[in-house]
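Engineer: Sending over a structure as structure tokens; questions will come in a sec.
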Amino acid sequence: MKNYPNTWLGEAVAAEIAQDKIPLAYSALGAENYADRVTDIYDLVDVHFMPDTLLDETDKTALERAGKGASKFSLHPAQDPWDLKTFSDAWNTAALKHREAMCALARDYAAAVHQRLTLPSGKQLDAIVTEAYGPRNHPDLHEVDWAEYKRWNADALAIFAEYPFVGLTLSNHAEPIFSLWEDVAWQQQGTRMIHGAQRMPSTR
């Protein structure tokens, strides 16, 4: 019998949460081969799509002018000495330049998720996006221009909304200032996009 790596974890809670009709979720961060990792005791997969911005060498050089490590993933304390306007300008240029490729990345990922939701038994898993669209290391500071970040998130959200995810979030960004959550109009627009999307038929 195949040894599924996540069976023991699900079995520990499956019976108890079933009494309250709570679905059992598998969090698939970097391990999206669902059929090789979970059994029928699972009901849905928790999808994380958090790509960093695509960068070419010119972009990396421009970002590094903002501060050491600005072209790579950096924890927020490491970003304190950066020149945030230089970072913003370089990041926005890169995001705009690679927008089409980033959208293609989103389409490929969303399609791949839904191609993997059928377990060997034939059971169809649901999919919900709880961390979405990235990038994870955008400094959440008022000095940073968020316009291109919001456009990228909206582009990716529109792509994911075409697929039969049972739940979508607008962005995974939740840092100290919560800049995205201060923009009520942006939140409302994203919610309308989700509810108004012409979605593919559900797999269920």
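The values are calculated or read from the model by the stated rules, or taken from the named source; none is laboratory data. Here the structure is a predicted model, which means the values were calculated and not measured. Cβ atoms come from the backbone with ideal geometry, glycine included; neighbour counts cover every protein chain shown. With ligands, DNA and RNA removed, areas are computed over all heavy atoms of the protein, side chains included. Shrake-Rupley method; radii C 1.70, N 1.55, O 1.52, S 1.80 Å.
Engineer: Antiparallel as a % of all DSSP beta bridges within the chain, to the nearest 5?
Structural biologist: 10
Engineer: Once you charge only the Cβ atoms, +1 for Lys and Arg and -1 for Asp and Glu, what is the size of the charge dipole of the chain about its Cα centre, to the nearest 20 debye?
Structural biologist: 520
Engineer: Running a GNM on the chain with Cα contacts under 10 Å, which residue among Val129, Val144, Val47 ends up with the highest mean-square fluctuation?
Structural biologist: Val144
Engineer: Within the accessible area of segment 43-103, what % is carbon and sulfur when the probe is 1.4 Å and the other protein chains stay in place?
Structural biologist: About 58 percent, which is the carbon plus sulfur part of the accessible surface.
Engineer: Here's a follow-up. Working out 0.36 nm times the residue gap between Thr118 and Ala158, then minus their Cα-Cα distance, what length gain in nm do you get to one decimal?
Structural biologist: Result: 12.0 nm gained on full extension.
Engineer: Let me ask you something else. Straight-line reach only, C-alpha to C-alpha below 12 angstrom: list the aspartates and glutamates that Lys21 could link to, leaving out same-chain residues fewer than 8 apart.
Structural biologist: The qualifying aspartates and glutamates are Asp43.
Engineer: Sticking with this structure for a sec: Enumerate the aspartates and glutamates that Lys68 could reach by cross-link, defined here as Cα to Cα under 19 Å, with residues fewer than 8 away along the same chain left out.
Structural biologist: Lys68 reaches Asp52, Asp56, Glu57, Asp59, Asp80, Asp83, Asp89, Asp140, Glu143.
Engineer: Rolling a 1.4 Å sphere over the protein heavy atoms, what is the accessible area per residue of the chain, to the nearest Å²?
Structural biologist: Solvent-accessible surface per residue comes out at 53 Å².
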